[in-house]
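Working notes, structure below.
The values are calculated or read from the model by the stated rules, or taken from the named source; none is laboratory data. No experiment lies behind these values; they were computed from the predicted model shown. A quick note on method: Cβ atoms are made from the backbone with ideal geometry, for glycine too, and the neighbour counts reach across all protein chains shown.
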Amino acid sequence: MGAWDIGPFDNDNAADFAGELDDTAPEQREDLIRAVFGIALGEFDDLDADDGDRIIAAAALVAAQCPGGTPVATAYGPEQPLPVFAPATRRLAADALTGVLGEESELAELWEETDEGPAWRQAVERLRAVLSGAAA
C-alpha cells in the first residue's frame with residue numbers, strides 16, 4: 001500500500017502529489033486539487049487506491065484552511081504556498097471523501113484489512129466533517 005501511517009501525507013502517493021503541487025504554477029494549484037477531487041466524483045465505482053491517497057491529501061490541504069481544520073505540518077507535504085481555496089472547493093473535497101470512504105473504494109477496502117483501519121476511517125471522516133461544516 002506504500003503507507004507508513006494513517007495521516008493524509010503518510011504514504012508514497014500523497015508525497016508524490018505534494019511534489020506535483022510544488023511543481024505546478026501557483027495560479028494552477030487550485031485547479032490541480034479540484035481535478036483530483038473530480039476523479040472521485042466521476043468514479044464512485046471502483047475508486048483506485050492511488051487516487052484515494054491523492055484525494056485525502058488534497059482534502060487535508062483544503063481542510064487546513066477551514067474553521068476547525070488542522071494545519072498540514074509534515075515533511076511530506078507541499079513546500080510551496082497554496083492559494084486560499086474557494087468555498088466551492090470545500091464542497092468538492094467533502095464529496096470526494098465520500099467516494100474514498102464508500103464501498104467501491106479500493107483504499108477503504110485495503111485499510112479495512114489492517115488493524116489501523118478504524119483509526120484511518122475516523123481520520124478521514126473527521127476531515128470530511130470539517131469540510132462539510134465549512135462548506136455549509
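A few points about this structure:
- Condition broken by Ser132, with the remaining ones in (1) at pLDDT 95 or above; (2) part of a helix (DSSP H, G or I) satisfied: (1)
- Members of the range 106-136 that are farther than 24 Å from Glu30 by Cα and hydroxyl-bearing (Ser, Thr, Tyr): Thr114
- Candidate set from the range 71-106 (those that are of a type outside the set (A, V, I, L, M), out of contact with any strand residue (DSSP E or B) (no Cβ under 7 Å at 6 or more places or on another chain) and touching a residue at least 60 places away in the same chain (Cβ under 8 Å)); member that is surrounded by the most Cβ atoms within 10 Å (Cβ to Cβ): Gly77
- Qualifying positions in the range 64-92 - under 20 Å from Ile39 (Cα atoms), touching a Lys or Arg at 6+ places or on another chain (Cβ under 8 Å) and of a type outside the set (Ser, Thr, Tyr): Leu92
- Taken together, the residues in the range 1-23 that are crowded, with 19+ Cβ neighbours inside 10 Å and touching a Gly at 6+ places or on another chain (Cβ under 6 Å) amount to 3.
- A single entry from Gly99, Gly77, Gly38 fulfils the requirement of being under 14 Å from the mean Cα position of the chain (by Cα) and part of a loop (DSSP other than H, G, I, E, B): Gly77.
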